[in-house]
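Novice: Take a look at this one; I'll ask things after.
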Amino acid sequence: MAVMNILLSMNIHSLLADGTGPVLDLAYAAQILSRVLHFLSAMILVGGMFYLRTILAPSSAAQADPEACFAGRRSVWARWVGIATFFLLASGIYNLMLVIGQSKAAGVKLPPTYHMLLGIKFLLALLVMFVMSILAGKTAAAGRFRGQMGKWLNIAWLATIAIVVLAGILRTLH
Ligand code: HEM
């Protein structure tokens with residue numbers, strides 16, 4: 001915020017010298033913050049998933065007792081899964097509102113393909129969030145899911161690859 005105040009007081013309102021770039025205002029800062037939160041949350045959730053799948057879950061300790069993956073700190077990981085899930089949902093919905101708002105302002109209608117692919121991405125994201133939450137849970141059902149941890153992590157990983165491909169395609173559709 002302090003940096004933005006300094007730049008605004010210097011009368012630098014556009015990020016490009018010819019004035020055609022994005023305008024440096026609160027809406028712009030919110031847009032960048034939302035992207036940063038989306039990326040950071042995805043990194044935490046998917047990074048944790050990848051480490052669990054490749055290193056922790058196949059270890060002999062985890063084969064004997066899947067909860068050993070968490071080295072006695074399952075509840076800490078569960079909290080991070082919750083935080084990452086919240087920010088992924090909040091920033092994702094904000095991103096979507098921005099894309100729709102910017103298209104409307106430009107007088108362009110988003111193609112139906114955009115909404116269809118975004119719907120698929122959303123459902124796959126819910127699947128990933130569910131798998132990561134239940135694997136970190138403390139209920140009897142969570143214990144049963146952990147009994148087949150490798151299988152569920154593979155499913156979540158495949159869904160994540162599809163999500164990232166879809167995100168790449170979505171960017172090209174508006
Ligand atoms: C595991 C969950 C998720 C992952 C790994 C993920 C990943 C990504 C990535 C990598 C991008 C590209 C960012 C960029 O290039 O700026 C993106 C964009 C986006 N994500 Fe997600 N995301 C997830 C969940 C969600 C959810 C739950 C929503 C809610 C609707 C959402 C909505 C969006 C939107 C609207 C965009 C912008 C797409 C565009 O450029 O038109 N995402 N996501």
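Novice: How many nm is it between the label spots at Phe122 and Val23, if each spot is 7 Å from the Cα in line with the beta carbon?
Specialist: 2.9 nm
Novice: For Ser14, what residues show an amide H to amide H distance below 5 Å, using hydrogens built from the backbone and excluding near sequence neighbours?
Specialist: Here the answer is Leu24, since their amide H atoms fall under 5 Å of that of Ser14.
Novice: Between Ala64 and Lys138, what's the calculated FRET efficiency when r is the beta-carbon distance and R0 is 25 Å? Round to 0.05.
Specialist: 0.85
Novice: Still on this model: For the chain, what is the mean residue ellipticity at 222 nm derived from helices alone (per DSSP H run of n ≥ 4: -39500 (n - 2.57); sum divided by total residues; nearest 500 deg cm²/dmol)?
Specialist: -24500 deg cm²/dmol
Novice: Can you send over the carbon and sulfur percentage of the accessible area for the chain, probe radius 1.4 Å, protein chains only?
Specialist: Here carbon and sulfur together make up 72 percent of the probe-accessible area.
Novice: What angle, in degrees between 0 and 90 and rounded to the nearest 10, separates the Cα long axis of helix 149-171 from the longest principal axis of the Cα atoms of the chain?
Specialist: It is inclined by approximately 10 degrees.
Novice: Then there's this: Tell me which of Gly119, Ala42, Met97 sits at the most positive position along the dipole axis of the stretch 39-171, charges placed on C-beta atoms (Lys, Arg +1; Asp, Glu -1).
Specialist: The Cα lying farthest towards the positive end belongs to Met97.
Novice: Per residue, how much accessible area does the stretch 1-155 show when a 1.4 Å probe rolls over the protein heavy atoms, in square angstrom?
Specialist: 62 Å²
Novice: A follow-up question, please. Treating the beta-carbon of each Lys and Arg as +1 and of each Asp and Glu as -1, no other charges, what is the dipole magnitude of the chain about its Cα centre, to the nearest 20 debye?
Specialist: 500 debye
Novice: Rounding to the nearest 10 and keeping the result within 0 to 90°, find how far the Cα-based axis of helix 112-135 lies from the longest principal axis of the chain.
Specialist: So the helix axis and the longest Cα principal axis differ by about 40 degrees.
Novice: Moving on to the next point. Identify, among Phe87, Ile134, Leu15, the residue whose Cα sits farthest towards the positive end of the charge dipole of the chain, taking +1 on the Cβ of Lys and Arg and -1 on the Cβ of Asp and Glu, with the dipole about the Cα centre.
Specialist: The one lying farthest along the dipole's positive direction is Ile134.
Novice: Output needed: percent of Cα pairs per 10 Å distance bin for the chain, bins running from 0 to the one holding the longest distance.
Specialist: Result returned by the calculation: 9, 31, 26, 19, 11, 4, 0.
The values are calculated or read from the model by the stated rules, or taken from the named source; none is laboratory data. Computed from a prediction, not measured in an experiment: that's the story for all the values here. Positions of Cβ are generated from backbone atoms using ideal geometry, with glycine treated the same way; all protein chains shown enter the neighbour counts. Just so you know, the surface numbers come from the protein's heavy atoms only, side chains and all, with ligands and any DNA or RNA stripped out. Shrake-Rupley method; radii C 1.70, N 1.55, O 1.52, S 1.80 Å.
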